[in-house]
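In what follows, a single structure is set out as structure tokens and then discussed.
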Amino acid sequence: GQQVMQIPQYQHVQEGEDFTTYCNSSTTLSNIQWYKQRPGGHPVFLIQLVKSGEVKKQKRLTFQFGEAKKNSSLHITATQTTDVGTYFCAVPSNAGGTSYGKLTFGQGTILTVHP
Amino acid sequence: GAVVSQHPSRVICKSGTSVKIECRSLDFQATTMFWYRQFPKQSLMLMATSNEGSKATYEQGVEKDKFLINHASLTLSTLTVTSAHPEDSSFYICSAMTRTGSSYEQYFGPGTRLTVT
């Protein structure tokens, strides 16, 4: 099945510093999704990227999809304590093609923010 | 936004007993729901795909006779962990899929933390 590598596994930052997590696939993706899971909570959908080279912003969050549609990144500018949690990327389980809903999740990046 | 509920949120059971977990889509119909398992500090692992009106599709390595899935209506899927053992202790999360144009979004339930003693 489809696999995606996500790094880093952990990231500790001081409040106000930036944060980036990366996902890489060996195959071309039809799309990639990003989720945030707060400690003790469940994953919450953040965004889906579909187009090659796409860049989307949500306030301090910037999401990028690589030109080859094999990698993606999530960047948070000036982190706040409310950004604490685990960030996952997720890709369609069937390689390439149309998504039928099944997702394979990356390993996740656990972000801690020190005030 | 789409809301998915799960019940119970926490359950403690004795080894050898069975536990049923419910997943409901509250404000939309979901022909497809997914069941995941998540161990501490690990990622979500897809266990099975639940399709309304048909048999669930299980991922490789997941015992279908141990994890019984029933998707009886467009808003309800249940996961029953039969003859539970301590190694089944985990965080079980369901999601319901909606379709917007050509894209699919999954909305996750709040999860059920199962502890088998």
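The values are calculated or read from the model by the stated rules, or taken from the named source; none is laboratory data. Please read all numbers here as calculations on a predicted model, not as lab measurements. FYI the Cβ positions are ideal-geometry reconstructions off the backbone, even for glycines, and counts take in every protein chain you see. Heads up: the accessible areas ignore ligands, DNA and RNA and are worked out on the full protein's heavy atoms, side chains in. Shrake-Rupley method; radii C 1.70, N 1.55, O 1.52, S 1.80 Å.
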> For the subset of segment A:78-107 comprising residues that are modelled with pLDDT of 95 or more and farther than 18 Å from A:Pro8 by Cβ, which member is surrounded by the fewest Cβ atoms within 10 Å (Cβ to Cβ)?
Replying inline: A:Thr82
>> Show me the strands (runs of 3 or more DSSP E) entirely contained within segment B:1-68 in which 3 or more residues are at positive phi.
In response: none
> Has segment B:74-97 got any residue that is assigned to a strand (DSSP E or B) and of a type in the set (D, E, K, R)?
Replying inline: no
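Among the residues of segment B:23-42 satisfying the criterion of being open to solvent by less than 50 Å² (accessible area, probe 1.4 Å) and closer than 15 Å to B:Ser90 by Cβ, which is nearest to the chain's Cα centre (by Cα)? Please lay out each step first, then the result.
Pass one, segment B:23-42, residues open to solvent by less than 50 Å² (accessible area, probe 1.4 Å): B:23, B:25, B:28, B:30, B:32-36, B:38.
Filter once more, keeping what is closer than 15 Å to B:Ser90 by Cβ: B:35-36, B:38.
Values: B:Trp35: 3, B:Tyr36: 6, B:Gln38: 11 Å.
My answer is B:Trp35.
Yes/no matrix, rows are residues, columns are (1) at pLDDT 95 or above; (2) touching a helix residue (DSSP H, G or I) at 6+ places or on another chain (Cβ under 7 Å); (3) closer than 18 Å to A:Pro43 by Cβ:
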residue: B:Leu68; (1), (2), (3): yes, no, no
residue: B:Thr75; (1), (2), (3): no, no, no
residue: B:Ser83; (1), (2), (3): yes, no, no
residue: B:Asp88; (1), (2), (3): yes, no, no
residue: B:Phe91; (1), (2), (3): yes, no, yes
residue: B:Glu105; (1), (2), (3): no, no, yes
residue: B:Thr115; (1), (2), (3): yes, no, no
> Are any residues in segment B:76-97 crowded, with 19+ Cβ neighbours inside 10 Å and either within 14 Å of chain A (Cβ to nearest Cβ) or within 13 Å of the chain's Cα centre (by Cα) (or both), and if so, which ones?
Replying inline: B:Ser77, B:Thr78, B:Leu79, B:Val81, B:Ser90, B:Tyr92, B:Ile93, B:Cys94, B:Ser95, B:Ala96, B:Met97
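Take segment A:47-74 and flag every residue that is within 11 Å of another protein chain (Cβ to nearest Cβ) and either in a strand (DSSP E or B) or at pLDDT 95 or above (or both). So that I can check it myself, show each step before the final result.
Residues of segment A:47-74 that are within 11 Å of another protein chain (Cβ to nearest Cβ), as a first pass: A:47-50.
Matches in segment A:47-74: A:Ile47, A:Gln48, A:Leu49.
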